[in-house]
Amino acid sequence: MLRFEGKGRVVKDFDVETIKTKAGKEIAKAVVVVAFNNGTEKATGEDKPSTFLQVELWDKLATRAENFATKGSLVDIKGGVLPNNYEKDGKTIYGFKYVANDINVYATKTTDNTKSPQSKEDMPF
């Protein structure tokens, strides 16, 4: 399996939904968009365009991450890259989806009373 890893900022709050498995168990699925900074051009000093990835988080990872990460949070995210092929108008569309298996929240830009973990020990995962 292909792997990905990066540190970036959450672009918008998590979209979390409950999915029912074939076995009848309900699990959480979260989708989050993360912007990864690609640095600067050495010759010009200008910022390179950021890379935006839509990442899926499943089950307990989804519910726990939703409680700590909000729009603007700095996160370190790791996971796998899976094929995401589908049919549209009789043609096969080839793509990828990114599924996280680990996320660490380092900082958040929130100004309300939500908890922002100060260290890795504060994170429940």
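Bear in mind that the values in this text are calculations on the coordinates, not laboratory data. Here the structure is a predicted model, which means the values were calculated and not measured. Note that each Cβ is placed from the backbone with ideal geometry, even for glycine, and that neighbours are counted across all protein chains shown.
Run through the DSSP bridge list for the chain and note the antiparallel percent, rounded to the nearest 5. Before the final figure, lay out each step's value.
Numbers: 38 of 40 bridges.
The answer is about 95 percent antiparallel.
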Calculated from backbone phi, Karplus (6.51, -1.76, 1.60) coupling profile of region 22-36 in Hz, x at Gly/Pro: 4, 7, x, 7, 9, 10, 8, 10, 10, 10, 9, 9, 10, 9, 9
Do any of Lys48/Lys91; Lys12/Lys88; Lys25/Lys78; Lys48/Lys88; Lys20/Lys97 go past 31 Å between their Cα atoms, and which? Lys48/Lys91; Lys48/Lys88
Taking only Cα atoms of the chain, the Rg to Rh ratio with Kirkwood Rh works out at 1.03
Using Cα springs under 10 Å in a Gaussian network model of the chain, which residue among Leu57, Leu74, Leu82 shows the largest mean-square fluctuation? Leu82
With a cut-off of at most 14 other beta carbons within 10 Å, and DSSP calling the residue loop, which GluC sites (Glu not before Pro) in region 1-88 qualify? Please list them. Glu41, Glu46
What residue among Asp89, Asp59, Asp15 shows peak mean-square fluctuation when the chain is described by a Gaussian network model with Cα springs under 10 Å? Asp89
Quick check on region 1-54: what are the equivalent-ellipsoid semi-axes from the Cα gyration tensor, as sqrt(5λ), descending, whole Å? 35, 13, 6
Aspartates and glutamates within cross-link reach of Lys29: Cα-Cα under 18 Å, excluding same-chain residues under 8 positions apart? Asp13, Asp15, Glu17, Glu56, Asp59, Glu66, Asp102
Net lengthening on full extension, Met1/Asp89 (0.36 nm per residue, minus Cα-Cα): 28.8 nm
A correct Karplus calculation of ³J(HN,Hα) over region 53-67, with 6.51 cos²θ - 1.76 cosθ + 1.60, θ = phi - 60°, whole Hz and x for Gly and Pro, returns 10, 8, 10, 9, 10, 10, 6, 5, 4, 5, 5, 6, 5, 4, 6
